[in-house]
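Heads up, the thing below is written out as structure tokens.
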Amino acid sequence: MKKLFYIGAMSALLLAACGEEEAKPKEEKPVVAQVKEKEEKKEPATITIEQYESKFIEAFNNVKGDSNTTLGKMEEIDHGRYSLILNSDIMLFADVNKKGEVTAVNLAAMSSAVDNYNNLLKSAFQAMITSVDESITDTQKSVIFDKLGITGDEKMLDHTDTYKYNDITFVYRAKNDEGTLTFQANLD
């Protein structure tokens, strides 16, 4: 009989604990599906020839120091190719695609410019880097120059180097036997 009493008491307790509460509807929280958006591939910034010309001239004027060089306007010399003459030994070229966007910039100089126009050449190199990517600091420009072997003296007159930074491929070529040097920025 005690067993029946215990079973009855236990059943009553269980029923009391479970069944006496009013059935309250559970709060349903909306399920939020976390969908990762596809990472958009970062497209390189595009720049028109007019924008590039303006950026180069501004950057050049900021770094030229006491040089009295005054820059003219970029002129189209061939379909998709523009030039800007800095002096008789240094010229800037810009290539554009069919959309009118600058794809590459070249600074060409006679090797005599290293001796005769060293400060002007250095200013043009710095302005070219700034004009293709304004976020590059002076310290980063120095790293680019070091990686490419641009030293400002005769050591830079006979070699070729390439360095990629911020999705821009910088190429330096100097041919002592030809008496020329080029510094190129390919906007990948």
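The values are calculated or read from the model by the stated rules, or taken from the named source; none is laboratory data. Computed from a predicted model, the values in this text were never measured in an experiment. Counting neighbours? That spans all protein chains shown, and the Cβs are built from the backbone with ideal geometry, glycine included. With ligands, DNA and RNA removed, areas are computed over all heavy atoms of the protein, side chains included. Shrake-Rupley method; radii C 1.70, N 1.55, O 1.52, S 1.80 Å.
Number of residues in the range 115-135 that are open to solvent by less than 10 Å² (accessible area, probe 1.4 Å) and more than 15 Å from Gly65 (Cα to Cα): the value is 3.
Listed here are the residues, each with its yes/no results for (1) farther than 27 Å from Lys73 by Cβ; (2) not acidic (Asp, Glu).
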residue	(1), (2)
Asp95	no, no
Val105	no, yes
Gln140	yes, yes
Asp146	yes, no
Asp167	yes, no
Asn186	no, yes
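Selection of first residues in the range 141-163 that are under 12 Å from Ser111 (Cβ atoms) and of a type outside the set (S, T, N, Q) and of second residues that are part of a loop (DSSP other than H, G, I, E, B) and open to solvent by 30 Å² or more (accessible area, probe 1.4 Å), restricted to Cβ pairs under 7 Å at least 6 apart or on distinct chains, gives the following pairs, ordered by first then second residue: Leu157/Asn176; Asp158/Asn176.
Does Ala124 satisfy being part of a strand (DSSP E or B) and in contact (Cβ under 8 Å) with a residue 40 or more places away in the chain? The answer is no for Ala124.
Please tell me if Ala94 is of a type in the set (Gly, Ala, Ser) and in contact with a Lys or Arg (Cβ under 8 Å, 6 or more places away or on another chain). When the stated conditions are applied, Ala94 passes them. Number of residues in the range 102-114 that are outside any helix (DSSP H, G or I), open to solvent by 10 Å² or more (accessible area, probe 1.4 Å) and closer than 23 Å to Asn68 by Cα: the value is 4.
Of everything in the range 143-188 that is within 19 Å of Lys122 (Cβ to Cβ), modelled with pLDDT of 85 or more and of a type in the set (Lys, Arg), the residue that is surrounded by the most Cβ atoms within 10 Å (Cβ to Cβ) is Arg173. Per the listing Leu71, Leu86, the residue uniquely touching a helix residue (DSSP H, G or I) at 6+ places or on another chain (Cβ under 7 Å) and in a strand (DSSP E or B) is Leu86. Residue count for the range 163-185 under the criterion of being small (Gly, Ala, Ser) and either part of a strand (DSSP E or B) or farther than 17 Å from Asp89 by Cβ (or both): the result is 2.
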